[in-house]
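First comes the structure, then the notes that go with it.
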């Protein structure tokens with residue numbers, strides 16, 4: 001990345017636009033320097049590209065590395081993404097209890113998808129002891145009538 005912050009802003013915006021336009025190879029090229037410097041949005045997008053082989057060769061290890069890097073910085077969508085990886089055993093060994101931890105971190109920041117997923121996990125006793133009262137509380141927090 002250059003030292004010119006205006007160019008960096010343009011490069012980052014171009015990388016995000018390329019991702020949204022499904023020009024994944026270009027997005028990876030533009031976002032990689034930002035991910036390496038710790039930008040959680042860039043890390044999350046790079047993780048998605050590696051996870052799904054979008055513009056890059058599919059690579060479980062790099063998908064987890066970038067998703068975890070963004071999640072550990074408190075980026076809620078990445079926390080949810082990492083939780084999903086552990087819930088489904090995608091790119092990592094399945095670990096519902098660890099999934100609960102990551103979904104909880106995202107839910108604590110108000111991410112509705114994580115609130116809903118946690119509610120279902122409490123309802124089913126998946127990765128955590130079944131607790132229907134807690135499930136209903138989480139459903140309500142996510143905006144559902146329970």
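Coordinate-derived values only; no laboratory data. No experiment lies behind these values; they were computed from the predicted model shown. Here the Cβ is made from the backbone with ideal geometry for all residues, glycine too, and neighbour counts use every protein chain on show.
Observations on the model:
- Shape index of the chain: Rg/Rh, with Rg the Cα radius of gyration and Rh the Kirkwood radius from the inverse mean 1/r over Cα pairs, equals 1.06.
- Ordering 11, 108 by the number of other Cβ atoms within 10 Å of each residue's own Cβ, fewest first, gives 108, 11.
- Among 92, 100, 64: highest mean-square fluctuation, GNM of the chain, C-alpha pairs under 10 Å: 92
- Note on the range 1-73: Kirkwood radius taken over Cα pairs, Stokes-Einstein applied at 37 °C and 0.692 mPa s, translational D equal to 277 µm² s⁻¹.
- Protection proxy ranking of 69-80, 51-62, by the mean of other Cβ atoms within 10 Å over each peptide's residues and highest first, is 69-80, 51-62.
- 0 to 90° range, to nearest 10: angle between helix 24-36 axis and the chain longest Cα axis: 80
- Between helix 60-72 and the chain: long-axis angle, C-alpha atoms, 0 to 90°, nearest 10: 80
- Measuring nothing but how far apart in sequence close Cα pairs (under 8 Å, 6+ apart) lie, relative to its length, the range 1-73 scores a relative contact order of 24 percent.
- Part-to-part distance (alpha-carbon centres) for the range 117-145 and the range 23-87, which is given in Å: 28
- Acute angle (nearest 10 degrees) that the helix 96-107 long axis makes with the longest principal axis of the chain, alpha-carbon atoms: 70
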